[in-house]
Amino acid sequence: MENRFESLQLLVSGAAHEMRTPLGVCQSSLSVVTERLEKTEQKFLEKSLSEEDALQAFRLNKRYLKIIEQNLKKAMDLTDQLKEFAFIDSDWVDQEVSESVASAIRPFQEELSGNDINVKVNIEQSPLSVNLPKATLEQIVSNFIKNSLMYGFAESSSGNITIDIDRGASWLSLVYTDDGCGIDDDIRPYIFEPFFTTGRNKGGAGLGLSIVYAIVVKSIAGSIELDTDHRTGCRFIVTLPLF
């Protein structure tokens, strides 16, 4: 219980820090917009507002409103990721593996196709139904794909993702591989830590892989590892216990 409370404290502290940044940008940008509108209104009331002044005010406000929009999206994305922790330790339910994986891929289909990234799913036994906590497979696969899109294929015009799934007597194996840029040796020890990210300037909050780790290791006592022998892109090996 004590370890769980400490983990919660770390999560809340990190979330507050991450949320404060985009909201702070929104607040300062909104102050600029408000000040500019007040000055423009004053000139209008004094009948001294020129067409050039009005256009300049509109353009400035438009620029700052765009900044507000972008940072609100960052805050909303962070909120969505934090909500995923609510499903950890949820009820165990029977789920069809191919349907769960397809459900995880579907929201990214347009972005994957637009970037010429091919996804191949190999399931040894089909149909295959397993009993796992609700949305486990969807969360694992979707967070891996997010990671590939944001980091692995950030500088690529095409790529490949392969998801290999196999079942043993008491376990389910999921091997996720992409042929993107890979993960540098110096950051590999930190990739499962909450809020660790090299893509904060891209809107990354550093929660994706920590969510996967929390689901696999903390929630259902499975295992996850980054295959250090795989040097072309990255490969994650996930083993989930079945009861």
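The values are calculated or read from the model by the stated rules, or taken from the named source; none is laboratory data. Predicted model only: the values in this text are computed from it and were never measured. Note that each Cβ is placed from the backbone with ideal geometry, even for glycine, and that neighbours are counted across all protein chains shown.
Applying the criterion of being closer than 17 Å to Tyr151 by Cα and of a type in the set (Phe, Trp, Tyr) to the residues of region 194-225, the residue that is modelled with the lowest pLDDT is Phe196. Every residue in region 37-53 that is more than 42 Å from the chain's Cα centre (by Cα), of a type in the set (Lys, Arg) and in a helix (DSSP H, G or I), please. The one that is more than 42 Å from the chain's Cα centre (by Cα), of a type in the set (Lys, Arg) and in a helix (DSSP H, G or I): Lys43. Could you please let me know if Tyr190 is free of Cβ contacts under 8 Å to residues at least 60 places away in the same chain and within 20 Å of the chain's Cα centre (by Cα)? So Tyr190 passes the test. Of all residues in region 38-55, exactly one satisfies the criterion of being surrounded by 11 or more Cβ atoms within 10 Å (Cβ to Cβ) and among the hydroxyl-bearing types (Ser, Thr, Tyr), namely Thr40.
Quick one: Thr34 ticks every box in (1) of a type in the set (Val, Ile, Thr); (2) farther than 27 Å from Leu23 by Cα; (3) in a helix (DSSP H, G or I) bar one, so which box is it? Every condition holds for Thr34 apart from (2). Filter region 182-193 for residues that are in a loop (DSSP other than H, G, I, E, B) and out of contact with any strand residue (DSSP E or B) (no Cβ under 9 Å at 6 or more places or on another chain); which is modelled with the lowest pLDDT? Restricting to residues being in a loop (DSSP other than H, G, I, E, B) and out of contact with any strand residue (DSSP E or B) (no Cβ under 9 Å at 6 or more places or on another chain), the top hit is Glu193. In the set (1) surrounded by fewer than 12 Cβ atoms within 10 Å (Cβ to Cβ); (2) at pLDDT 80 or above, Lys83 fails one condition alone, (2). Whenever a residue of region 19-40 is more than 15 Å from Lys73 (Cα to Cα), its partners that are assigned to a helix (DSSP H, G or I) and of a type outside the set (A, V, I, L, M), lying with C-beta atoms within less than 6 angstrom and at least six residues away or across chains, give the pairs Val32/Tyr64; Val33/Asn61; Val33/Tyr64; Arg36/Asn61.
As a summary of the residue check, Leu78 satisfies the conditions (1) closer than 24 Å to Gly222 by Cβ; (2) surrounded by 16 or more Cβ atoms within 10 Å (Cβ to Cβ); (3) hydrophobic (A, V, I, L, M, F, W, C) except for the one numbered (1).
Count, please, the residues in region 211-240 that happen to be without any contact (Cβ under 8 Å) to a residue 12 or more places away in the chain and either over 20 Å from Asp186 (Cα atoms) or outside the structural domain of Asn143 (by TED's automatic domain parsing) (or both). Counting residues in region 211-240 that are without any contact (Cβ under 8 Å) to a residue 12 or more places away in the chain and either over 20 Å from Asp186 (Cα atoms) or outside the structural domain of Asn143 (by TED's automatic domain parsing) (or both) gives 1.
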